[in-house]
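Structure first, commentary second.
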Amino acid sequence: MTQKAFTASQTTTLLSLARACTALSQLKQLHAHVLKLHLPGNPSAIGPLLSAAATSSDPSFLSYARSVFQHLRCRSTFMYNTMIRGHVQSGSPVTAVSLYPDMLRSGVEGNNYTFPPLIKACVFMGPDSKAIGLLVHAQVVKLGYRVDPFVVSALIEFYSSVCDLESARKPFDGSTVRDVVTWTALVDGYGKAGDMENARHLFDEMPERNVISWSAMMAAYSRVSDFKEVLSLFRQMQEVGFEPNESVLVSVLTACAHLGAVTQGLWVHSYAKRDAEAWNTIITGVALNGAVVKCLELFKKMIAHGTQPTETTFVALLTACTHAKMTKEGLKLFEEMGNIHGIRPKSEHFACVVDLLARSGMVEEAEKFMEEKIGGLGGADASVWGALLHACRIYGNVELGNRIWKKLIDMGITDSGTRVLSYNIYKEAGWEN
């Protein structure tokens, strides 16, 4: 009995059903239905199901897709492309690349959809990345896809990843159709290489930009710490009517934190999705600029917003309290860190509290804190005892400084920094001999 061709409408329906599957058992039931109604008379009917399974975020779906693919007697270009893309997305670049020789042995020819994910896989091939990428590029040229905009963009990203910007430029210059993705790929490549002159020149020459283009250029300036230019670009982006994405917001918040642009940072923060990273960036920026009260207000808003603080959040808060000598508030935050938010303090948090107490002149209390919380000097790392030793010098507590120095010698963890600190403590106390 001859079966009807599998129509575009049926393909769309099957793809939607496959993507709606939330459990492997559901996918298997759909597969059984496809086998019953459409195979073997129309083996291409399995394509939509294979596509949904291979590109799913559920690892069990990809495993099932691989099993189905291996048992197929008739494989199409679409099926190979699907499996290559699925393996790239799942972090299996070697398997993805190995599918291409198998494809050629099976007499199946690649198309313009084969090469972008295949080239992307080459980026993650380690020491062999460039050699394998060159072989794939040769296939691109052989089959006539060297001017396809998606292939060109993938080649630019690949050569940029192996730090070969000269080769990255060649497919761009040889392309007759340069879309915004192609332009942005090369801007990003130059930016990641730190070649700001070429990145900016190319960015200024772009016939059109999207938010990804702006994001790539801002990230490039952020990487070289040109934070004023990040904010300048952000203003320009707003003037032409683009809404910032998450990457743009992170770059701008970072710039505000470094430049002390607290007001602008708070305003930008109102744009953000407000995950922990966004909150931490602006809290840290405000803390660096000494606006401690505002820093604590932001923390309260973060909690009220339902965002779980992180270890980084408390380092910023404790540091802010230390510089403002807000000892009571800092100690309260340290207790809340573990008791309320369930974050186990690390060495940097202990160092912050020791510094907090010591800078307020509470050197003995700092020593007691170390004894109670981390078992004294023996349980502390360099950042903790270094903070306390520094305080001993500031407040002239030569007895405690001497105990710390002797303990460090016994522990065998002295360095040039502690030697200089200890020498200055003794010298200023008249103990030079």
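What to note about this one:
- Matching residues in segment 3-49 - criterion: being at pLDDT below 75, over 18 Å from Ser60 (Cβ atoms), small (Gly, Ala, Ser) and surrounded by 13 or more Cβ atoms within 10 Å (Cβ to Cβ): Gly41, Ser44, Ala45
- Segment 212-260, residues that are of a type outside the set (A, V, I, L, M, F, W, C) and not in a helix (DSSP H, G or I): Ser225, Asp226, Gly241, Glu243, Pro244, Asn245, Gly260
- The condition (being buried (at least 18 other Cβ atoms within 10 Å of the Cβ), in a helix (DSSP H, G or I) and either hydrophobic (A, V, I, L, M, F, W, C) or at pLDDT 95 or above (or both)) is satisfied by just one residue among Val187, Val181: Val187.
- Per-region count, segment 62-98, residues modelled with pLDDT of 90 or more, aliphatic (A, V, I, L, M) and crowded, with 22+ Cβ neighbours inside 10 Å: 6
- If you go through segment 348-365 and pick out every residue that is over 37 Å from the mean Cα position of the chain (by Cα) and crowded, with 21+ Cβ neighbours inside 10 Å, you end up with 1.
- Each residue in segment 318-332 was checked for being modelled with pLDDT of 90 or more and open to solvent by 10 Å² or more (accessible area, probe 1.4 Å), and 6 of them qualify.
- Scanning segment 319-334 for residues that are under 17 Å from Met370 (Cα atoms) and touching a Lys or Arg at 6+ places or on another chain (Cβ under 7 Å) yields a count of 1.
- Filtered by the rule that a residue be open to solvent by 10 Å² or more (accessible area, probe 1.4 Å) and out of contact with any Lys or Arg (no Cβ under 6 Å at 6 or more places or on another chain), segment 107-118 gives Gly107, Val108, Glu109, Asn111, Asn112, Tyr113, Pro116.
- Flag for Asp195 being under 18 Å from Glu157 (Cα atoms), among the acidic types (Asp, Glu) and either without any contact (Cβ under 8 Å) to a residue 12 or more places away in the chain or surrounded by fewer than 22 Cβ atoms within 10 Å (Cβ to Cβ) (or both): yes
- Scanning segment 175-227 for residues that are among the charged types (D, E, K, R) and over 22 Å from Asp164 (Cβ atoms) yields Asp179, Asp204, Glu208, Arg209, Asp226.
The values are calculated or read from the model by the stated rules, or taken from the named source; none is laboratory data. What you see is a predicted model, and the numbers here were worked out from it, not measured in a lab. Cβ: placed from backbone, ideal geometry, glycine included. Neighbour counts: every protein chain shown. What goes into the accessible areas is simple: the full protein's heavy atoms, side chains included, and nothing from ligands, DNA or RNA. Shrake-Rupley method; radii C 1.70, N 1.55, O 1.52, S 1.80 Å.
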